[in-house]
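For reference, the structure is listed below as structure tokens.
No lab work stands behind these numbers, since they all come straight from the coordinates. Here the structure is a predicted model, which means the values were calculated and not measured. Here the Cβ positions follow ideal geometry from the backbone for every residue, glycine too, while neighbour counts run over all protein chains shown.
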Amino acid sequence: ADASGDYVKVTGLAFSDDMTARVGHLERACPGIPYPGIPRWARAVARVSSRSEHWQRMTMRGIEQIPWLYDLLMHLAPGVERWRGKLVAGARGRVLEVGCGTGRTLPGYREDVELFALDPNFDVLPRACRRCGDARFLCASAEFLPFADDSFDCVVSSLVFCSVPDVDRGLRELKRVLRPEGRLLMLEHVQARSKFGARFLDWIQPAWTRITGGCHPNRDTVAAVERAGFVIEADSLRVRGLMRRFTARLAD
């Protein structure tokens, strides 16, 4: 599959070991969208997988999975919202936002971008759609991006990879769907640099992860990005406390 036209065509599906997971995410996309080329038996397996994943998410429901509560907390953090606005303002071309949540960043994109937005929590997508009706929405996770290789000029991630269960796999997927000259725009918090701060974040991590629904306050996502084969552009790096905002390119 190539990266042209409607997003249901930008799947790049290969019926391999991870096919069931990819099809499962497609099956949870907006109702009424056809999925040509996916056999019925695969859809049946995907629906069973989707139900089990849905039950697991319900048992781990936290702040990040409750749209109105998440929006309220973000409203009380104007500094984070400003940094998010500056992050998405740099996006160009065909753009994928991973973990769009309730869509708070979506109105900040330039009008000339072709925007795709996804989130693993289907409950947040209606609110995101109301904020930006021009984007194409999909219920999927960072670890299983249902797009062909080299599909996007830019991938945006804002306070997402602290909650991705398999960070390394998720970053490999971002690398896969980015075009060779593409850019990763990311906003994340990182592990504290002081011994006391690091120990404190390590101590609160189990409870914090459960309350928020997946966030790991002691995860060093910047190091993971570099380990995955990205190069952070030095002049783009902004630091404020534990927060990092930067642009990264694929390593040569």
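Is it the case, given these coordinates, that Gly79 is out of contact with any Cys (no Cβ under 8 Å at 6 or more places or on another chain) and surrounded by 13 or more Cβ atoms within 10 Å (Cβ to Cβ)? No, not satisfied. Applying the condition of being in contact (Cβ under 8 Å) with a residue 60 or more places away in the chain and under 11 Å from Leu96 (Cβ atoms) to the range 120-145 and asking which residue is nearest to the chain's Cα centre (by Cα) yields Ala140. Can you confirm whether Val164 is touching a Leu at 6+ places or on another chain (Cβ under 6 Å) and outside any helix (DSSP H, G or I)? Criteria not met by Val164.
For (1) surrounded by 17 or more Cβ atoms within 10 Å (Cβ to Cβ); (2) assigned to a loop (DSSP other than H, G, I, E, B), each residue gets a yes or a no:
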{"residue": "Pro180", "(1), (2)": "no, no"}
{"residue": "Leu184", "(1), (2)": "yes, no"}
{"residue": "Leu187", "(1), (2)": "yes, no"}
{"residue": "Gln191", "(1), (2)": "yes, yes"}
{"residue": "Leu201", "(1), (2)": "yes, no"}
{"residue": "Asp235", "(1), (2)": "no, no"}
{"residue": "Val239", "(1), (2)": "no, no"}
{"residue": "Arg245", "(1), (2)": "yes, no"}
{"residue": "Ala248", "(1), (2)": "yes, no"}
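Residues that are touching a residue at least 40 places away in the same chain (Cβ under 8 Å), surrounded by 14 or more Cβ atoms within 10 Å (Cβ to Cβ) and not in a helix (DSSP H, G or I) within the range 203-233 comprise Gly213, Gly214, Cys215, His216, Pro217, Arg219, Ala228, Phe230, listed in sequence order.
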